[in-house]
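Asker: Would you mind keeping the following structure in view while I ask a few things?
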Amino acid sequence: MSWLVPEEESKITQGTILDNIPWGLDPSPLGVVLSNPCDLEWGKASYILIASLVPARETIQLTKEFQQQVQNLKEKVVSPNKWDKLSKFFKPFINNQNITRYFFVDPTKVFDAPLFFVDFQHLFTLPFSKVTELEVIAKLPSPHREKMIVHFSSYISRIGVDREDQEETKIFINHLAEPYRQL
Amino acid sequence: MESTINTNIDICIDEYPGKSKTNVVKRTGTAVVFSSLMALSFANETPEYFTSIFETNTFEYVANKHAVQKLSFRERYKQISKSDWFINSYKDMSIGEIINVD
């Protein structure tokens, strides 16, 4: 399944994939518009909010979690059991099942590029008057666009709360597990 | 005109590594037929007219436009993967908190 479709109107709205974004990075990644479509349509957006599209394979393979998955592997060809574990590691990303820093996007049916992650930490705002300098490449269609925004808003609005200490947690576990208890 | 069409298809195939000629012909088929018909009417048009046919057909134009850009994105992302800013930003980073919603 391709996640992207060609943008036929060169119209910039939420989910539009853009090039020529002045990230100040070399080479420069593509980006996807996160701004509210109503704000863009009704002249309420002074700035346009863009998240970067980073290469999914290299990004995930650089993570600690992936390195843990492969740390004891001596060969590149792995056993079916290990491959199953690796598949289980990747599947939630491929299907965007969980909310994380990254949102998976497959651009391959529309243009030749690697699989992407939208990185919700790598953001850029550009004055709306400058959007004519951007090049429209494609768009993320509905409902993937809305799903991406739900993931973004949930990711960005996480609130850190202190966890219960270990002793307190044990008490709660014992209470919740009753009548069952540890041998 | 036939050689012009074949040249254009071959260029498309070059820009679609791994794609079969049949698929590329399908993708460009509408524009090819349309351009052939137009070529009969405008036999004296410049060779660039074939390109402008794509531009009159939005979907084909976009598809063709992206076919031209295909290699550049992949090559650019190869460079991004090796770049200092990318490696410094992502190496040994944790995926972080995972909110299970499925």
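Asker: Given the protein chains as shown and a 1.4 Å probe, how many square angstrom of A:Tyr155 are accessible, to the nearest 10?
Answerer: Using a 1.4 Å probe on the heavy atoms, I get roughly 20 Å².
Asker: Roughly what percent of Cα-Cα pairs across region A:1-156 reach past 27 Å?
Answerer: Numbers: 3293 of 12090 pairs.
Percentage above 27 Å: 27.
Asker: I would also like to ask the following. Please give the FRET efficiency for B:Asn88 paired with A:Gln182, using the beta carbon to beta carbon distance and R0 = 51 Å, rounded to the nearest 0.05.
Answerer: Values: r = 46 Å, r/R0 = 0.90.
Rounded to the nearest 0.05, the efficiency is 0.65.
Asker: If you don't mind, there's one more thing I want to ask. Provide a whole-number value for the mean count of partner chain Cβ atoms within 10 Å of the Cβ atoms in peptide A:63-69.
Answerer: Values: counts 7, 5, 5, 1, 2, 0, 0.
The mean count of partner-chain Cβ atoms within 10 Å per residue comes to 3.
Asker: Taking beta carbons within 10 Å but only from partner chains, what does the mean come to for residues B:77-87? Write down the numbers at each step before the final one.
Answerer: On the way: counts 13, 4, 3, 12, 9, 2, 5, 2, 7, 8, 2.
That average works out to 6.
Asker: Still on this model: Please list A:69-78, A:97-106, A:32-41 highest first by mean number of surrounding beta-carbon atoms within 10 Å per residue.
Answerer: Details: A:69-78: 9.9, A:97-106: 20.7, A:32-41: 18.6.
Ranked by mean Cβ neighbours within 10 Å, highest first: A:97-106, A:32-41, A:69-78.
Asker: Can I ask one more? Under a plain spin-label model, where a point goes 7 Å from the Cα along Cα-to-Cβ, how far apart in nm are A:Leu86 and A:Glu164?
Answerer: So the two model labels end up 4.0 nm from each other.
Asker: Listed here are the pairs A:Lys76/A:Lys147; A:Lys82/B:Lys82; A:Lys74/B:Lys91; A:Lys64/A:Lys91; which of them are more than 24 Å apart at the Cα? Present the calculation step by step, with values, prior to reporting the outcome.
Answerer: Values: A:Lys76/A:Lys147 35 Å; A:Lys82/B:Lys82 28 Å; A:Lys74/B:Lys91 21 Å; A:Lys64/A:Lys91 17 Å.
From the list (A:Lys76/A:Lys147; A:Lys82/B:Lys82; A:Lys74/B:Lys91; A:Lys64/A:Lys91), the Cα-Cα distance tops 24 Å for A:Lys76/A:Lys147; A:Lys82/B:Lys82.
Asker: Quick one: length gained pulling A:Asn36 to A:Lys74 fully straight, 0.36 nm per residue minus the C-alpha distance? Walk me through the numbers on the way to the answer.
Answerer: On the way: separation 38, 0.36 × 38 = 13.68 nm, distance 4.77 nm.
Once the chain is fully extended between A:Asn36 and A:Lys74, it gains 8.9 nm.
The values are calculated or read from the model by the stated rules, or taken from the named source; none is laboratory data. Quantities reported herein were computed from a predicted structural model and do not represent experimental measurements. Cβ: placed from backbone, ideal geometry, glycine included. Neighbour counts: every protein chain shown. What goes into the accessible areas is simple: the full protein's heavy atoms, side chains included, and nothing from ligands, DNA or RNA. Shrake-Rupley method; radii C 1.70, N 1.55, O 1.52, S 1.80 Å.
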